[in-house]
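What follows is a short report on a single structure.
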Amino acid sequence: MEEVQDDGQSPSVWGSMQDLTSWGINDHEDDQPRTTQQDLVNDLKRAGTTVSKKTIGNTLRLHGLKSCSARKVPLLKPAHVHAQLKFANDHLDDPEEEWEKVMWSDETKIELFGLNSTHRVWRKKKDEYHPKNTIPTVKHGGGNIILWGCFSAKGTGRLHRIEGRMDGAMYREILANNLLPSVRALKMGLPA
């Protein structure tokens with residue numbers, strides 16, 4: 001078994017760390033960003049090379065990666081992704097004046113209790129929202145509050161706390177009581 005002299009700082013180690021491909025680390029970086037340093041140490045040991053977690057971390061940083069918290073993003077089905085891309089392409093060239101007439105609204109869940117566990121990934125800065133580097137989230141669950149809010153280019157609108165499970169009737173009531181009053185308050189061009 002090849003033994004790499006490893007004090008975490010040794011220049012001879014840096015030379016051997018240059019060749020990530022021979023270690024197979026590039027495969028982990030691209031396909032498995034949630035692989036831990038210990039997983040890589042174990043993989044390399046099985047392949048006949050002994051290195052420390054510190055050397056693995058130095059090597060990954062040398063190649064532009066850093067250990068970051070995985071971003072939480074809404075769980076999207078392929079149909080959602082397709083619809084969002086279509087919307088973006090359909091409105092790509094809309095003039096700025098058109099966007100000033102748009103009121104955006106959404107709901108969000110805020111965790112009040114429980115563990116907000118952090119998952120670490122090794123990634124490059126530009127890859128923070130790549131699906132392999134994120135953790136899907138869902139909107140409903142216990143120990144939280146759910147809020148509905150709206151905003152436009154002219155400012156923020158009303159914020160409403162959602163009690164219980166939202167259905168179509170509740171959503172229409174929220175829109176009637178909050179969306180149009182927000183549009184009027186922001187003077188978005190609708191008659192009073």
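No lab work stands behind these numbers, since they all come straight from the coordinates. Please read all numbers here as calculations on a predicted model, not as lab measurements. Neighbour counts run over all protein chains shown; Cβ positions are idealised from the backbone, glycine included.
Among 80-86, 170-176, the peptide with the highest mean count of other Cβ atoms within 10 Å heads the list, and the full ranking is 170-176, 80-86. Pairs from the table (LYS66/LYS126; LYS45/LYS72; LYS66/LYS86) lying more than 22 angstrom apart at Cα are LYS45/LYS72; LYS66/LYS86. By the count of neighbouring beta-carbon atoms within 10 Å, fewest first, TRP104, TRP148 end up ordered TRP104, TRP148.
P(r) tail for region 71-185: Cα pairs beyond 21 Å make up 57% of the total.
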